[in-house]
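A short write-up of the structure that comes next.
The values are calculated or read from the model by the stated rules, or taken from the named source; none is laboratory data. What you are looking at is a predicted structure, and each value in this text was computed from that prediction instead of being measured. Every residue, glycine among them, receives a Cβ derived from its backbone with ideal geometry; neighbour counts consider all protein chains shown.
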Amino acid sequence: MRDVAEAAGVSSMTVSNVLAGRSNVSEETRRRVLEVVERTGYRVNTAAQSLRRGRTGIIGLAVPEVDSHYFGLLASRLITRLASEGLRVVVEQTGASREGELAAITTSRVSAYDGLVLSAVGLDPDAVASLAGDLPVVVLGERQDVRRFDHVEMANTAGAAAVTRLLLDRGCRRLVALGMPDAEPLGDDDEDDDDRSGERTPGAQRPSDAFRLRALGVHRAVAEVPGARVTGLPALRSSLAAGAALAREALARDPDLDGLVCATDALAIGALRALADAGRRVPHDVLVTGFDDVEDAAYTVPSLTSVSPGHDVIVEETARLLLRRMADRGAPPESVVSPFVVVERESTQRS
């Protein structure tokens, strides 16, 4: 590193900042240092660096799907945020399964990652606690039984209720909740839930807790409006194809449906395609809302109304909790619910 610094005409600390990806270096200096690194063939000795620092500088990010609109957005923002702390992120796909999530924890331990951010779907908290040991873990997701870990979640119930009320206020009365269960699976105990679930929905063929909680918000909002009804159609996967397939099924069940409340933007975008194929105009015949406010939502035709779950807060709080846990393994667990806002676009604006 000293040789590189001398050849580039900078300090060793500047070389270190460039190689760590920190932002406090000018582009001209960064370019000059990287040219010297390439010319000299310099390589960081990560093993020696880890021994000296007592950490690897690597964070694991375990998500259900790497090709998901939302998780792609989350990964990109978290990579950028943690890079400012000199940390790099390794992304792993869990397939939304208990086995995949536990494997991610094991990999993090074996590879000596400094911490793990885990998007929980099939999580078994006892197994996680047993395998994780003192590994810093921040859990993302709507699960009350992970409160023993640092935990960041969305306001799913309130957000789903807000977009449902928007459709009801616009005159919709025959709603379908895409990607969410129907009313029957929701027991009396769920009435006291507030953006979390008291009991995990078991089985790979059941909707995740996130979708289940959004269903709570939808059903509660509809119950307040005389004459309105909602049918839930659960999804096994949040994808464009799944959204189109669910929308076609919804139209087959009720050709006169006038509103779709979708559990994710991916499902909603797929539903827009199916509605267009069926000759149902959005927003003239059917109003459609999504959830997550991914970038694509602003560019569909029509543009998609969506619940923005507070991306900046989710990323910042995840980074804060992770860094806090890395600095103090004995700190008490903390839970954060991010704020939401309904971003209204063309898909709910009748002329």
Going by the conditions given, is residue 27 surrounded by fewer than 17 Cβ atoms within 10 Å (Cβ to Cβ), modelled with pLDDT under 85 and over 30 Å from residue 105 (Cα atoms)?
-> no
How many residues are assigned to a helix (DSSP H, G or I), out of contact with any Lys or Arg (no Cβ under 9 Å at 6 or more places or on another chain) and buried (at least 19 other Cβ atoms within 10 Å of the Cβ) when one looks only at the range 297-324?
-> 3
Expected single match for closer than 26 Å to residue 310 by Cβ and assigned to a loop (DSSP other than H, G, I, E, B) among 104, 96, 62, 75 is 96
Residue 112: modelled with pLDDT under 90 and crowded, with 24+ Cβ neighbours inside 10 Å, yes or no?
-> no
Candidates 274, 268, 278 - the one that is assigned by TED's automatic domain parsing to the domain that holds residue 238 and under 24 Å from the mean Cα position of the chain (by Cα) = 268
Only residues in the range 1-17 that are in the same structural domain as residue 83 (by TED's automatic domain parsing) and within 11 Å of residue 32 (Cα to Cα) count as the first member; pair them with residues that are at pLDDT 85 or above and among the acidic types (Asp, Glu), Cβ under 9 angstrom, at least 6 apart or cross-chain, and list the lot.
-> none
Does residue 215 qualify as being aliphatic (A, V, I, L, M), modelled with pLDDT of 90 or more and surrounded by fewer than 21 Cβ atoms within 10 Å (Cβ to Cβ)?
-> no
Taking residue 106 as meeting all but one of (1) at pLDDT below 85; (2) over 19 Å from residue 139 (Cα atoms), write down the number of the exception.
-> (2)
Mind counting the residues in the range 214-230 that are of a type in the set (D, E, K, R) and assigned to a helix (DSSP H, G or I)?
-> 2
Residues in the range 137-150: is at least one modelled with pLDDT of 90 or more, farther than 28 Å from residue 321 by Cα, surrounded by 24 or more Cβ atoms within 10 Å (Cβ to Cβ) and β-branched (Val, Ile, Thr)?
-> no
